[in-house]
2 protein chains.
Amino acid sequence: MLKISQRGKQMPASPIRKLVPYAEAAKKKGIKVYHLNIGQPDIETPKEMLDAVRRADIKVLEYSHSAGNESYRKKLVSYYKKVGIDITPEQIIITTGGSEAIQFGFFCCLNPGDEVIIPEPFYANYNSFAIAAGITVIPITSYINTGFALPPISEFTKLITSKTKAIVICNPNNPTGYLYSREEMEELKSICIQHNLFLFSDEAYREFCYEGENISAMHLTEMNEHVVMMDTISKRYSACGARLGAFVTKNKDVYAAAMKFAQARLSPPGLAQIMGEAAVDLPDSYFFKPKSEYLERRNLLVQRLNAIPGVYCPNPGGAFYVLAKLPIDDCDIFCQWLLESFSHNNQTVMLAPATGFYGTPGLGKNEVRLAYVLNVKALDAAMDCLEIALEQYPGKVICTELISEIER
Amino acid sequence: MLKISQRGKQMPASPIRKLVPYAEAAKKKGIKVYHLNIGQPDIETPKEMLDAVRRADIKVLEYSHSAGNESYRKKLVSYYKKVGIDITPEQIIITTGGSEAIQFGFFCCLNPGDEVIIPEPFYANYNSFAIAAGITVIPITSYINTGFALPPISEFTKLITSKTKAIVICNPNNPTGYLYSREEMEELKSICIQHNLFLFSDEAYREFCYEGENISAMHLTEMNEHVVMMDTISKRYSACGARLGAFVTKNKDVYAAAMKFAQARLSPPGLAQIMGEAAVDLPDSYFFKPKSEYLERRNLLVQRLNAIPGVYCPNPGGAFYVLAKLPIDDCDIFCQWLLESFSHNNQTVMLAPATGFYGTPGLGKNEVRLAYVLNVKALDAAMDCLEIALEQYPGKVICTELISEIER
């Protein structure tokens, strides 16, 4: 009997995608499902990006440079300059989505058995990439009553061991939408310098900040050796399917190691790089429309959620997610029930159970993530569904603890 | 001081790309360099594939299914049927190039410390992916005097330990061009069944067979649990830059594990999948032209090489590579010398030192790989350069052993 590997067994199934069969079954019954479960925006991919591919005069679609086309890396330098990040083309490796950038970071900087500290709730696939790399994720809990702010330094210090090699942040955050303040970024800097840690900074949602300024890890001084920035065009330009990201670091050893991994897989996607160049050429005004659209949606969603009895949703500063506490016994059961047993005017809503975003077992059981990737009308209808669903759900609980928290 | 990981250190630099700076310097001096060093064909990517992308009506370039678009997987089923491979869409995962398919196989089927046996010389990046996965490559030597035929079963048996979990083949082979016979494939089957091993079969060059039939690992009976096929459109349709491959297996556990890795990285490149669908729609006659072109090139190259005193080149049955023995002391020094210190009519040739394709240290020192990815006129000129270079090269050696081999 042939056996698969241990990591093949340990690798978690996607916490979101496991609900897909229930959504498909609901649709087969003729129920409209509002998909607030995944970070796939409905915003149109800029036509200029697709037109650039349509116009491209390609005879042979060749391998690009393993670090990505130099022309694209040069353009990215000008993009980063606009957001206050000063780098050179030789500090960028173009990757297959942000996913590959995260993998390069884990594989190049950590040995099997090493630990990374990640504020939870966190993007579930960090866990998957950690399992692939044989490293251990040490979660540090952030709490809904602070809007998922960075845990205090003292909490980090408790978790740091000789095996700790890095801290991973996502800023603005997926799944919480939290935007780290300058003070919090400085705190992270001090921890990394004091304990000699890498800071892996996933900045996929940089442009979508609604409260305050986005502080990149690359803005921190004296951190050149520590910072590895993971980036992607997926969310910024609503081009998730392109699979185009970037691995950015000023640490020469890390860059050289990542280049060897990049050479092994030959090159990043070719047509997507053409899209990426066109994206940099978009006018600065491009972001105004999607950003104001997301802001309007966030405002509606937060208002509607907090108006439902027993629901609490902090007002997040960025990205396009909110994480809300619901008066329910178990979010996995609830999200399945929404698809399997509930409908309102032949409609229902698909949410992401928050349990999948926590590393600590048992946390997040009464929380869900909502991605505001649908227009305000659809969001409004989805909230109508949720409101009525919470009245009908058999596993409804009155969360007195939560009420007292909010009243504080 | 922050340190990179062990695997980051162990990861070999690309044996081919390390010569690139010397090629660039030669070009700056005005010397024309014939690139026979990499498997980047000059054949045009079919216009139909690029037109399909140009015509595609895309509003939002969304994530595709993690296994790839169902429409593409269904089309691939019809492509595979034509080459005698009977599979379903649920046995295919679309990958980011063949590279990702190889990685999925290593990560899903092998634990760190496990061993894979690979006939050497082999595609150098197998080694890189093995290092990333923490597994050990055990090379089994194939020899130029047999044209790099499969080593006898008895040699495999000597190398099999309790840690051996898989055999990796590339058929037709990169770097040797060797095409495994039905008998050899049956031998591999018997080893895999007897010793309970996976058979990873890289079939990137399936269409380019000039002597005899291509026997896919998927053609072998009673091997459903054992075979993982790695595939790519890169070489088949001269679309290396698209980064589109496939991971194919009938082993349900392996498929399920690979799907979790696929979900973690979200989806394969979107535009490339449109190209992939259009590729399947190409008429069966499409391959006639590139295949006859490659055959003409191979014939010229093998004839020219064997006409040079002291050179021996077997006549390979497939792919677009030959591996030749040269009367030289050290192929790494020779290939660098060609770029750094030689020119003929202001031209030179860039070759891949064979040392990079061997796992056993010291082997391949007087061998080079030549990719026939240039037209016959360019190949002819490149052979003129090589012939004269071998007269002038200071490290020339008379290889009597080789001469006696050929005379036998």
Report the residue count in segment B:167-191 for those that are away from every other protein chain (no Cβ under 14 Å) and in a loop (DSSP other than H, G, I, E, B).
10
From the set of residues in segment A:241-293 that are β-branched (V, I, T) and more than 25 Å from A:A56 (Cβ to Cβ), which is farthest from the other protein chains (Cβ to nearest Cβ)?
A:V248
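It is to be established whether one or more residues within segment A:57-64 are more than 9 Å from chain B (Cβ to nearest Cβ), in contact with a helix residue (DSSP H, G or I) (Cβ under 7 Å, 6 or more places away or on another chain) and in contact (Cβ under 8 Å) with a residue 60 or more places away in the chain. Break it down into steps so the answer makes sense when it comes.
Step one: of segment A:57-64, the residues more than 9 Å from chain B (Cβ to nearest Cβ) are A:57.
Those left that are additionally in contact with a helix residue (DSSP H, G or I) (Cβ under 7 Å, 6 or more places away or on another chain): none.
No: segment A:57-64 contains no residue that is more than 9 Å from chain B (Cβ to nearest Cβ), in contact with a helix residue (DSSP H, G or I) (Cβ under 7 Å, 6 or more places away or on another chain) and in contact (Cβ under 8 Å) with a residue 60 or more places away in the chain.
Within segment A:141-185, restricting attention to residues that are basic (K, R) and closer than 25 Å to A:D114 by Cα, which residue is nearest to the chain's Cα centre (by Cα)? Walk me through it before giving the result.
Start the filter on segment A:141-185 by keeping residues that are basic (K, R), which leaves A:158, A:163, A:165, A:182.
Add one more test, that the residue is closer than 25 Å to A:D114 by Cα, and what stays is A:158, A:163, A:165.
Working: A:K158: 26, A:K163: 25, A:K165: 21 Å.
Filtering first and then ranking leaves A:K165.
Results for (1) of a type outside the set (K, R); (2) closer than 27 Å to B:R17 by Cβ; (3) surrounded by fewer than 20 Cβ atoms within 10 Å (Cβ to Cβ), shown as yes or no for each residue.
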{"residue": "B:G30", "(1), (2), (3)": "yes, yes, yes"}
{"residue": "B:N37", "(1), (2), (3)": "yes, yes, no"}
{"residue": "B:Q40", "(1), (2), (3)": "yes, yes, yes"}
{"residue": "B:E44", "(1), (2), (3)": "yes, yes, yes"}
{"residue": "B:G68", "(1), (2), (3)": "yes, no, no"}
Considering only segment A:281-309, state which residues are crowded, with 18+ Cβ neighbours inside 10 Å and either free of Cβ contacts under 8 Å to residues at least 24 places away in the same chain or over 21 Å from the mean Cα position of the chain (by Cα) (or both).
A:V302, A:R304, A:L305, A:I308
Unmet requirement for A:G318, which otherwise passes all of (1) in contact with a Pro (Cβ under 6 Å, 6 or more places away or on another chain); (2) surrounded by fewer than 18 Cβ atoms within 10 Å (Cβ to Cβ); (3) not acidic (D, E):
(2)
Please go through segment B:169-208 and give me each residue that is touching a residue at least 40 places away in the same chain (Cβ under 8 Å), more than 26 Å from B:D284 (Cβ to Cβ) and in contact with a helix residue (DSSP H, G or I) (Cβ under 6 Å, 6 or more places away or on another chain), ordered by number.
B:P175, B:F198, B:F200
Quick one: count up the residues across segment B:271-329 that are within 29 Å of B:L351 (Cα to Cα) and assigned to a loop (DSSP other than H, G, I, E, B).
14
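Out of B:V33, B:V83, report the one residue that is within 30 Å of B:A217 (Cα to Cα) and either at the interface with another protein chain (Cβ under 10 Å from one of its Cβ atoms) or at pLDDT 95 or above (or both).
Values: B:V33 fails: within 30 Å of B:A217 (Cα to Cα).
Checking each option against the conditions leaves just B:V83.
Which one is farthest from the other protein chains (Cβ to nearest Cβ), of the residues in segment A:16-26 that are in contact with a strand residue (DSSP E or B) (Cβ under 6 Å, 6 or more places away or on another chain) and at pLDDT 90 or above? Reasoning before the result, please.
If we filter segment A:16-26 for residues that are in contact with a strand residue (DSSP E or B) (Cβ under 6 Å, 6 or more places away or on another chain), which is where we start, we get A:16, A:23, A:26.
Pick out the ones that are also at pLDDT 90 or above and you get A:23, A:26.
Values: A:A23: 14, A:A26: 18 Å.
For segment A:16-26, the residue satisfying everything is A:A26.
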Specify the residue that is farthest from the other protein chains (Cβ to nearest Cβ); the eligible residues are those in segment B:46-56 that are under 25 Å from the mean Cα position of the chain (by Cα) and surrounded by 19 or more Cβ atoms within 10 Å (Cβ to Cβ).
B:P46
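Residue check: is A:F247 at negative phi, over 20 Å from the mean Cα position of the chain (by Cα) and among the aromatic types (F, W, Y)? Before the answer, list the steps.
Values: at negative phi: yes; over 20 Å from the mean Cα position of the chain (by Cα): no; among the aromatic types (F, W, Y): yes.
So A:F247 fails the test.
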Answer yes or no: is there a residue in segment A:136-158 that is touching a residue at least 60 places away in the same chain (Cβ under 8 Å) and either within 14 Å of chain B (Cβ to nearest Cβ) or closer than 30 Å to B:R243 by Cα (or both).
yes
Looking at A:T164 and the list (1) crowded, with 24+ Cβ neighbours inside 10 Å; (2) within 13 Å of another protein chain (Cβ to nearest Cβ), which single condition is not satisfied?
(1)
Among the residues in segment A:152-165, are any within 19 Å of A:G317 (Cβ to Cβ) and of a type in the set (A, V, I, L, M, F, W, C)?
no
For segment A:101-116, name all the residues that are buried (at least 24 other Cβ atoms within 10 Å of the Cβ) and more than 19 Å from A:A264 (Cβ to Cβ).
A:V116
Any residue at all in segment B:224-234 that is within 27 Å of B:E183 (Cβ to Cβ), among the acidic types (D, E) and either touching a Lys or Arg at 6+ places or on another chain (Cβ under 7 Å) or crowded, with 21+ Cβ neighbours inside 10 Å (or both)?
yes
Quick one: is A:F200 outside the structural domain of A:V322 (by TED's automatic domain parsing), closer than 28 Å to B:P112 by Cβ and surrounded by 19 or more Cβ atoms within 10 Å (Cβ to Cβ)?
yes
For segment B:345-403, which positions are at pLDDT below 95, aliphatic (A, V, I, L, M) and in a helix (DSSP H, G or I)?
B:L402, B:I403
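Right, A:N111: assigned by TED's automatic domain parsing to the domain that holds A:Y178, part of a helix (DSSP H, G or I) and not hydrophobic (A, V, I, L, M, F, W, C) or not? Before you say what the answer is, go through the steps one by one.
On the way: assigned by TED's automatic domain parsing to the domain that holds A:Y178: yes; part of a helix (DSSP H, G or I): no; not hydrophobic (A, V, I, L, M, F, W, C): yes.
No.
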Residue count, segment B:4-15 (criterion: facing chain A (nearest Cβ under 9 Å), surrounded by 16 or more Cβ atoms within 10 Å (Cβ to Cβ) and part of a loop (DSSP other than H, G, I, E, B))
4
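The values are calculated or read from the model by the stated rules, or taken from the named source; none is laboratory data. In this text the structure is predicted, and so the values were computed from the model without any measurement. Cβ sites come from the backbone with ideal geometry, for glycine too, and all protein chains shown count toward neighbours.
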